[in-house]
1. Which order do peptides B:83-91, A:51-59 fall in by mean Cβ count within 10 Å, highest first?
2. Please average, across the residues of A:82-88, the number of beta carbons from any other chain that are within 10 Å of each residue's own beta carbon, and give a whole number.
3. Could you pull the accessible area for residue B:25 with a 1.4 Å probe, rounded to 10 Å²?
4. Mind checking which lysines have their Cα closer than 25 Å to the Cα of residue B:129? Skip sequence neighbours fewer than 8 apart in that chain.
5. Stretched out fully, how many nm does the piece from residue B:17 to residue B:39 gain, at 0.36 nm a residue minus the Cα gap?
6. Take the alpha carbon atoms of the stretch B:64-135, find their center, do the same for the stretch A:124-142, and report the distance between the two centers in whole angstrom.
7. What are the principal axis extents of the Cα atoms in the stretch A:95-152, in Å, biggest first?
8. What does the structure give for B:111-121 when I average, per residue, the other chain Cβ atoms found within 10 Å of the residue Cβ?
Amino acid sequence: MAILRWGQRFGRPVWELERMRNYMENALSALAGGVDHFRKNYTGVFPPVNLSEDEEKLYLTAELPGVDPQSLDLSIKSDTLTIKGVKKPEAGVVEATFHRREREAGSFRRSMTLPLKVQPDLAEALFKNGVLTVTLPKAAEARAHQIAVKNQ
Amino acid sequence: MSADSQEINVREKKPLDLGGAESTSGEPRFSPDVDIWETDAGLTLVADMPGVTADGLSVDLHENMLTIFGRVGEPKQPGKYLAQEYEVGDFYRQFALSEQIDQDKIAAAVKDGVLTLTLPKQAPAQPRKITVVSE
């Protein structure tokens with residue numbers, strides 16, 4: 001059989017295959033509760049979060065300016081992390097004319113499914129300059145294990 | 001309505017509009033959300049600038065143009081991103097002030113990522129001080 005380049009005569013069938021593969025991957029990942037699932041599940045609930053990982057840990061950050069750290073309530077139940085808190089309006093503003101009022105006050109609550117198993121008892125949360133950082137050590141089974149290659 | 005019953009709506013951070021000019025670093029910059037109110041004594045400006053420390057903050061009043069700039073201390077979180085729902089970048093915003101502000105009495109404080117600026121009005125009878133600095 002003649003060798004044909006991608007995207008020439010067979011461009012369209014290849015593209016079709018690619019599309020099918022993406023579809024399958026998404027479906028499987030949603031079933032497994034993978035990262036794509038996490039991303040697509042974002043429904044616009046305050047606060048938006050960023051999630052990153054290294055070999056040992058998951059890191060979750062959220063920008064919560066003006067939120068009283070005392071009001072922050074974090075909990076983990078199996079692989080669901082819940083963040084709750086209150087942003088209070090500025091106190092003692094009476095007899096003032098507002099020129100701008102863009103900052104919102106109120107309460108918030110967000111639950112999210114983590115993409116992998118973590119060790120909840122070793123989780124740490126830090127609130128610094130209005131940014132919350134949650135460090136979640138991965139569970140042993142969720143970590144990648146290095147396999148040493150023996151040279152004989 | 002009490003603060004506890006009202007839920008916060010999510011809003012995307014506003015990228016800074018530089019009127020067509022690009023930042024040289026290519027990193028995103030944002031326009032912070034502010035509250036500004038006025039009393040007989042002066043103006044108060046409160047700005048949400050998460051991640052900005054006191055060291056990274058600069059407030060400048062020049063010819064009634066107030067400029068606030070906040071540098072984010074830690075723009076990157078450790079590891080590889082799995083999901084990114086918001087971007088991190090410095091904050092910048094300018095305001096043209098119509099009131100005469102006593103420049104010497106401006107006070108700035110930053111706590112939990114919120115900048116509070118107190119801008120007292122100048123006493124009307126007081127002549128405007130002009131400081132000439134020789135270089």
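The values are calculated or read from the model by the stated rules, or taken from the named source; none is laboratory data. Note that the coordinates shown come from a computational prediction; the quantities given were computed from them, not determined experimentally. Positions of Cβ are backbone-derived with ideal geometry, glycine not excepted, and every protein chain shown enters the neighbour counts. Keep in mind that these areas ignore ligands, DNA and RNA; they rest on the heavy atoms of the full protein, side chains included. Shrake-Rupley method; radii C 1.70, N 1.55, O 1.52, S 1.80 Å.
1. Ranked by mean Cβ neighbours within 10 Å, highest first: B:83-91, A:51-59.
2. 2
3. Approximately 90 Å² of residue B:25 is accessible to the 1.4 Å probe.
4. B:105, B:121
5. Once the chain is fully extended between residue B:17 and residue B:39, it gains 4.9 nm.
6. 30
7. 82, 22, 17
8. Per-residue shielding by partner chains comes out at 3.
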